[in-house]
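Heads up, the thing below is written out as structure tokens.
The values are calculated or read from the model by the stated rules, or taken from the named source; none is laboratory data. Please read these numbers as outputs of a predicted model, since none were measured by experiment. Positions of Cβ are generated from backbone atoms using ideal geometry, with glycine treated the same way; all protein chains shown enter the neighbour counts.
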Amino acid sequence: MKSKKLAELAVEALEDLKGQSIRCINVSKLTSITDFMIIATGRSNTHIKALADNVLKNAKEADLEVVGVEGRMQSEWVLVDVGDVVVHIMLAPMRALYNLEELWNFDSQADVKRKSQVAT
């Protein structure tokens with residue numbers, strides 16, 4: 001399965017259970033580890049577990065190999081690795097603290113640098 005279709009499958013699994021603020025970032029030009037990072041917010045630890053389980057269920061139904069799952073015991077931040085797609089499901093405070101979107105969005109940082117260089 002192509003990584004874009006796999007990302008769509010994961011996003012759909014998150015949407016099915018009302019994951020919040022779902023963001024899919026293409027990181028294929030930034031790293032060789034994965035092609036897409038998906039970040040979603042869950043309302044509670046139980047909701048995060050359910051979201052992760054739904055991603056796993058959909059991946060297995062599509063005959064995809066799940067590389068690993070981390071953080072499921074605490075369920076404040078669960079990472080589901082499906083190879084070409086890595087899914088991060090977090091509580092809102094964790095998501096705000098680590099701000100993965102900004103970490104992996106080099107385009108906006110480059111724009112800020114260009115603007116600051118023009119101003120000087």
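Identify, from the list Val86, Val80, the residue that is within 24 Å of Lys18 (Cα to Cα), modelled with pLDDT of 90 or more, surrounded by 13 or more Cβ atoms within 10 Å (Cβ to Cβ) and out of contact with any Phe, Trp or Tyr (no Cβ under 9 Å at 6 or more places or on another chain).
Val80
For segment 6-42, how many residues meet the condition of being within 18 Å of Asn105 (Cα to Cα) and touching a residue at least 60 places away in the same chain (Cβ under 8 Å)?
Number satisfying all stated conditions: 8.
Which condition does Ile89 not pass, out of (1) within 15 Å of the chain's Cα centre (by Cα); (2) over 26 Å from Lys29 (Cα atoms), if it passes all the others?
Condition (2) is where Ile89 drops out.
Could you please give the count of residues in segment 10-36 that are modelled with pLDDT of 95 or more and buried (at least 19 other Cβ atoms within 10 Å of the Cβ)?
Selection size over segment 10-36: 5.
Would you mind telling me which numbered condition in (1) more than 12 Å from Val87 (Cα to Cα); (2) crowded, with 19+ Cβ neighbours inside 10 Å Ala62 fails?
The single condition Ala62 does not satisfy is (2).
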